[in-house]
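A.B. asks: Sharing a structure below in structure tokens format, with a few things to ask.
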Amino acid sequence: MPSLDTANDLRSLAYIHAAVIQSSFRTLCIGHIHLPSSHLTMKVFSRYGMFYLLLACLAWCGLVSCEKKKSVSIPNRPVLASDEALLDTLERLHFTYFWETAHPRTGLIPDRAPTETFSSIAAVGFGLTAYLVGVERGYITRQQAAERTRQTLKFLWEAPQDSVSAGIAGYKGFFYHFLNPSTGQRYQQVELSTIDTGLLLAGILSIQTYFDHQDPIEKEIHQYADSIYRRVDWTWFLNQHQALSMGWHPESGFLESEWVGYNEAMILYILALGSPTHPLQPESWSAWTKGYQWATFEGQEHLNFGPLFGHQYSHMYIDFKGIHDAYTEAKGIDYFENSRRATLSQWAYAKKNPGGFTGYSDKLWGLTACDGPKDTTLNLNGRSVTVHSYWARGAAEGYINDDGTIAPTATGGSVPFAPEVCIPTLREMYTRFGGRLVGAYGFKDAFNLSYPVPGDSIWVDKDYLGIDQGPILLQIENHRSGLVWNLMKRNPYIVQGLQKAGFKGGWLQ
């Protein structure tokens, strides 16, 4: 983990852990003893001792003096220094997941940690972009990021591609969903994945744009990135409806499931439309939008999709504020506003809490695909509730998948859309649960306050997931600096893809 050596680190951590102390005092005052512990807290206390404690107490006093009464309406609050401190700490921790867990030879990022399984190619894409955040935030040097990036791209370019079923990484430029982290070969019989390849390519194009110096390493990065993107044959995956299939198996061929309707695959079609070698045509964007479902949920009229990751992934790489395709222009909004409405609808759903789950409030909410306790049934206040392990949780019109499991990435990945409700929720999660929920790599994947744990009051996942750590890091950075958005605005392939999809206005002018 990067060292905490600057005065800014101390100031930031003082504010954050002052909030932990403040939370403890509040709970003691109402008779519920809660003593949060934190891995990060213990490291800093052991190093800075009473000096750090004094800073924390002083910061806590300042926080107490400006405390306001809770409101049930959407809070309109300025970004305070303590919010910046929270975001500083969360970015550093979530960056560390990608920097420390990458395989030392292949550069592939594990799907999860500390449980050892396989590498997720989508997580590799998020990791490549995470390195850019690390450089800009001073966690690593540009040289360190460039060397790691070149190593990863070289491996991806040279990994074997073929139509055979084993011993290869992909085919037609696409990669298998999961790879063996040490060999880069297909994991068991997983599918050749269009969306996961797309998320990998989005990360690759972000580093292609960033590393623009003329030294040998950065020139090599640019060439590898360009070659990997140009190699993809998008037309091979196109079906008779002018839509992309979700996947392909060498054993059985293309999946019948197709990418049609609003979800995380906007970025996939924009990448495919922008290809200079095997592009899709504008008709494919029309086929994609024909499946849209416009509805009102919890007072918010928008394109509905239950799990919040579907409203986040494409937005991690493309700033949709102020640009419109034909569909959004007709609706009078843009896709950024759509994601804001989806976020606020989930926030309102949690406040209402129709399922009666423990802990749901305006400060604890967030449903998306994530880990869960286990596949079982439990009795909750006299009714039977089915609980799941990994599940596409979410809340939208016609889609309620809720078992009381909250995922921090649902909130963290939506920070740019509705910071006024997302940042207080991240603070509540951080301060209320401390080291139970936040560890060396940031937030654990999920927690559930309704699921009974012997001798405890909260179920917390033991793992961090790469595809969930990434949205927290990259979307917080987009909220603060627009780093990834601004990079992709300069990438000619992304611009070309948006224009072929019919996007106009805003920064595209």
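The values are calculated or read from the model by the stated rules, or taken from the named source; none is laboratory data. Treat the numbers as computed from the prediction; the structure is a model and nothing was measured. In this analysis, Cβ positions are derived from the backbone assuming ideal geometry, glycine residues included, and neighbour counts consider all displayed protein chains. Only protein heavy atoms, including side chains, enter the accessible area calculation; ligands, DNA and RNA are left aside. Shrake-Rupley method; radii C 1.70, N 1.55, O 1.52, S 1.80 Å.
A.B. asks: Which residues, taken from region 98-131, are among the acidic types (Asp, Glu) and either outside any helix (DSSP H, G or I) or under 16 Å from the mean Cα position of the chain (by Cα) (or both)?
C.D. replies: Of all residues in region 98-131, those among the acidic types (Asp, Glu) come to 100, 111, 116.
Of everything in region 98-131, those that are among the acidic types (Asp, Glu) and either outside any helix (DSSP H, G or I) or under 16 Å from the mean Cα position of the chain (by Cα) (or both) turn out to be 111, 116.
A.B. asks: Okay, moving on. Among the residues of region 162-182, write down those that are open to solvent by 10 Å² or more (accessible area, probe 1.4 Å) and in contact (Cβ under 8 Å) with a residue 60 or more places away in the chain.
C.D. replies: Matches in region 162-182: 163, 164, 165, 171, 172, 177, 178, 180, 181, 182.
A.B. asks: Turning to a different aspect of this structure: Can you work out which of the residues in region 315-325 that are outside any loop (DSSP other than H, G, I, E, B) and crowded, with 24+ Cβ neighbours inside 10 Å is nearest to the chain's Cα centre (by Cα)?
C.D. replies: 316
A.B. asks: Looking only at helices (runs of 4 or more DSSP H) that fall completely inside region 195-298, which ones have 2 or more residues that are open to solvent by 10 Å² or more (accessible area, probe 1.4 Å)?
C.D. replies: Details: elements: 216-231, 266-273, 282-289.
Answer list for region 195-298: 216-231, 282-289.
A.B. asks: In this structure, is residue 392 open to solvent by 10 Å² or more (accessible area, probe 1.4 Å), among the hydrophobic types (A, V, I, L, M, F, W, C) and in contact (Cβ under 8 Å) with a residue 24 or more places away in the chain?
C.D. replies: It is true that residue 392 is open to solvent by 10 Å² or more (accessible area, probe 1.4 Å), among the hydrophobic types (A, V, I, L, M, F, W, C) and in contact (Cβ under 8 Å) with a residue 24 or more places away in the chain.
A.B. asks: Only one of (1) open to solvent by less than 10 Å² (accessible area, probe 1.4 Å); (2) at pLDDT below 50; (3) aliphatic (A, V, I, L, M) fails for residue 42. Which number is that?
C.D. replies: (1)
A.B. asks: Still on this structure, please answer the following. Could you check residue 386 against (1) polar (S, T, N, Q); (2) touching an Asp or Glu at 6+ places or on another chain (Cβ under 7 Å); (3) in a helix (DSSP H, G or I) and say which number it fails?
C.D. replies: (3)
A.B. asks: Related question: Quick check on this structure: which one of 55, 132, 128, 90 is farther than 28 Å from residue 264 by Cβ and either touching a Phe, Trp or Tyr at 6+ places or on another chain (Cβ under 9 Å) or modelled with pLDDT of 95 or more (or both)?
C.D. replies: Exactly one residue qualifies, and that residue is 55.
A.B. asks: Output the number of residues of region 343-356 satisfying the condition of being surrounded by 19 or more Cβ atoms within 10 Å (Cβ to Cβ) and in contact (Cβ under 8 Å) with a residue 60 or more places away in the chain.
C.D. replies: Residues that pass the stated criteria total 4.
A.B. asks: If you don't mind, there's one more thing I want to ask. Just for region 424-457: of the residues that are open to solvent by less than 10 Å² (accessible area, probe 1.4 Å) and part of a loop (DSSP other than H, G, I, E, B), which one is nearest to residue 386 (Cα to Cα)?
C.D. replies: 446
A.B. asks: Right, next: Anything in region 207-245 that is small (Gly, Ala, Ser) and in contact (Cβ under 8 Å) with a residue 60 or more places away in the chain? List them, or say none.
C.D. replies: If the condition is that a residue be small (Gly, Ala, Ser) and in contact (Cβ under 8 Å) with a residue 60 or more places away in the chain, then 225, 227 are the ones that fit.
A.B. asks: Is it the case, given these coordinates, that residue 468 is at pLDDT 95 or above, touching a Cys at 6+ places or on another chain (Cβ under 7 Å), under 20 Å from residue 89 (Cα atoms) and not β-branched (Val, Ile, Thr)? I'd like the intermediate steps shown before the answer.
C.D. replies: Working: at pLDDT 95 or above: yes; touching a Cys at 6+ places or on another chain (Cβ under 7 Å): yes; under 20 Å from residue 89 (Cα atoms): yes; not β-branched (Val, Ile, Thr): yes.
Taking the combined requirement at face value, the residue satisfies it.
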